[in-house]
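Take a look at the structure set out below.
The values are calculated or read from the model by the stated rules, or taken from the named source; none is laboratory data. Remember, it's a predicted structure, so these values are computed and weren't measured experimentally. Please note: Cβ atoms are built from the backbone with ideal geometry, for glycine as well, and neighbour counts cover all protein chains shown. For the accessible areas, the whole protein counts, side chains as well, though only heavy atoms, and no ligand, DNA or RNA atoms are used. Shrake-Rupley method; radii C 1.70, N 1.55, O 1.52, S 1.80 Å.
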Amino acid sequence: MTKLVIIGGGHAAAQIATSLRMKKFEGDVTLVSDEPVVPYQRPPLSKMYLSGEIGAERLPILREQAYASANIGLKLGVRATSIDRAEKTLALANGEVLPYDKLILAVGGHARRLSCKGADLAGIHYVRTMTDTDAMRGEFNTAKRIVIVGGGYIGLEVAAVARRAGKDVTILEAADRILARVVAPEVSAFYTRLHTEEGVDIHTGEMVTEVEGNDRAAAVLTDSGKRFESDMIVAGIGLSPNIELATSAGITALDAGIEVNEHCQTSDPDIYAVGDVAWFTHSHYGRTMRLESVQNAVDQAKVAVEHIMGDDAAYDALPWFWSDQYGLKLQIAGLSEGYDSLVVRGDPAARSVAYFYMKGGKMLAADCIGRIAEFINAKKLITARLDIDAALLRDESRPFKEIAAEMLTA
Ligand SMILES: Cc1cc2nc3c(=O)[nH]c(=O)nc-3n(C[C@H](O)[C@H](O)[C@H](O)COP(=O)(O)OP(=O)(O)OC[C@H]3O[C@@H](n4cnc5c(N)ncnc54)[C@H](O)[C@@H]3O)c2cc1C
């Protein structure tokens, strides 16, 4: 096998390049991205890059030179348009056709757009690419009132940056609580209190029905009849995976993502899909899912490369994620869906607390706020699938590291 083509410009694509170099892959490698820059980190786009604390030079995952030394050809700013699986070629928008022996789709997703009346007005922004954040920066710097549609992580992070910059910030969330899809009501309550204390005006149960304005967005209307005036709107309402390249080539995919097996292979064994676009069965949780996290992009990329290089690598990494708001770090280990009880360690009012999600006495997941020891050790406890005494988890008289070590060696 001599020719490997990667499509993507995010964490997964960069990790494939790194892993190929580490594994001493000797074939021809080409990376194709429709973004004009080398693969970069997206998390800062709603955090330190938006606030201006870091500049564009800090975003690349690997410097351009690293691709050259790993013998990886870069085709940037050019879109892959179709795959011919019979011929094993990839067509690009600039007319080039690249032959491949193995193809890796690290194509991620795109920000879901508002679809209500007025959704096309200027002054409505999304945060998925560097271009998105660059495009909003001018308005962000001068806006006094910002309305954020969506109380998920991206919306909350943008809200935190905007408050620190002294803006009036309103969050409109359609569900009855922020972060409803991903955390327990107690954790939603923590973040509601945090943002309210920092001065954000949060409205839940408010579905956006219209964006009002003449040449640009000036107000957001909701189904309860409320009207929120704004100088600028940022919508963080989810991600749609980029499945079209795969589906048009007859590769099995759902709207939810491109189906892959435990080796990250699609229905065509010479084509892999990794990262935000991949729909897979997680062996630890025994259900199908798609994950939007750096950890997943990186770990799936490693598995795909190892499998291509002949190892029997299978993906079973424990999911983890983080979010930064007002200098407070949330670290999440595992997936909480299906939990039957929640154990709280620490003091939410002091902004230092860990929430452990339990099922049948075992730990499923943990949301750790300003609690690094709890995060590190929760990962071990979840992986070990131990029966756990909730009273021990709550016991703040002893360091968590010590408690976890005792449980793991019992
Ligand atoms: C604002 C923001 C904040 C985030 N914060 C966190 C965080 O705090 N922690 C965390 O773990 N995760 C966070 N994430 C999620 C994380 O960034 C993603 O999970 C990760 O980027 C996924 O990497 P990926 O390589 O799978 O996909 P992506 O990063 O989406 O990369 C896909 C690339 O493929 C390119 N592409 C797509 N189709 C084509 C085509 N046909 N031809 C050529 N190129 C194509 C795209 O333009 C893009 O460059 C955040 C995401 C965003 C947007």
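Summary of the geometry: the range 149-166 and the range 23-83, compared by the centres of their Cα atoms, lie 26 Å apart. Run the dipole for the range 327-409 about the Cα centre, Lys and Arg Cβ at +1, Asp and Glu Cβ at -1, nothing else charged, and hand back the magnitude in debye, nearest 20. Approximately 260 debye in magnitude. For the pair Asp340 and Asn94, a Förster radius of 60 Å applied to the C-beta separation gives a FRET efficiency near 0.65, rounded to the nearest 0.05.
Between Gly109 and Asn242, the built amide H atoms are under 5 Å apart, and every one of these is 5 or more places off in sequence or on another chain. Only Lys, Arg, Asp and Glu carry charge here, each on its Cβ (+1 for the first two, -1 for the last two); on that basis the chain has a dipole of about 600 debye about its Cα centre. In the chain, Rg over Rh equals 0.98, where Rg is the alpha-carbon radius of gyration and Rh the Kirkwood radius from pairwise Cα distances.
Of the residues Ala256, Ile369, Leu179, the one whose Cα sits farthest towards the positive end of the charge dipole of the chain is Ile369 (charges of +1 on Lys and Arg Cβ, -1 on Asp and Glu Cβ, taken about the Cα centre).
In the range 1-99, a dipole from Cβ-located charges (positive for Lys and Arg, negative for Asp and Glu) runs towards its positive end, and of Ile7, Ala91, Gly77 it is Ile7 whose Cα lies farthest in that direction. Normalising the average separation of contacting C-alpha pairs (under 8 angstrom, six or more residues apart) by the number of residues puts the relative contact order of the chain at 13 percent. Farthest towards the positive end of the charge dipole of the chain, among the residues Leu62, Ser397, Thr247, is the Cα of Ser397, using unit charges on the Cβ of Lys, Arg, Asp and Glu.
Computed from point charges on the beta carbon alone (+1 for Lys and Arg, -1 for Asp and Glu), the dipole magnitude for the range 124-235 about its Cα centre is near 220 Debye. Quick note on the range 225-367: its Rg to Rh ratio, both from C-alpha atoms and Rh being the Kirkwood radius, is 1.06.
In terms of accessible area, using a 1.4 Å probe and ignoring ligands and nucleic acids, Arg287, Arg164 rank largest first as Arg164, Arg287.
Coupling constants for the range 108-118 follow from the phi torsions by the Karplus curve (6.51 cos²θ - 1.76 cosθ + 1.60, θ = phi - 60°), and in residue order they are x, x, 10, 5, 5, 9, 5, 10, 6, 4, x Hz; glycine and proline get x. The string of couplings for the range 202-212 from the Karplus curve (6.51, -1.76, 1.60, θ = phi - 60°) is 9, 10, 9, x, 10, 8, 6, 10, 7, 10, 9 Hz, one whole number per residue in order, with x for Gly and Pro.
For the range 289-294, backbone phi angles converted through the Karplus equation (6.51, -1.76, 1.60; θ = phi - 60°) give residue-by-residue couplings of 6, 10, 10, 10, 7, 4 Hz, Gly and Pro being listed as x. Computed extension length for Asp215-Glu198: 2.9 nm, one decimal, from 0.36 nm per residue of separation with the Cα-Cα distance subtracted.
Once the Kirkwood radius over Cα pairs is known for the range 124-235, the Stokes-Einstein relation at 10 °C and 1.306 mPa s delivers a diffusion coefficient of 113 µm²/s.
What the chain shows is 43 Å² of accessible area per residue, with the surface traced by a 1.4 Å probe over protein heavy atoms. Distance between the C-alpha centres of the range 89-106 and the range 167-231: 42 Å, rounded to the whole angstrom. Of Thr89, Thr247, the order by accessible heavy-atom surface (1.4 Å probe, DNA, RNA and ligands excluded), from most exposed downward, is Thr247, Thr89. Taking every DSSP bridge with both residues inside the range 124-235, close to 35 percent are antiparallel.
What a 1.4 Å probe finds exposed on the range 212-276 is 45% carbon and sulfur by accessible area, rounded to a whole percent. Estimated purely from DSSP H runs of n ≥ 4, each contributing -39500 (n - 2.57), the mean residue ellipticity at 222 nm for the chain is -7500 deg cm²/dmol once divided by its residues.
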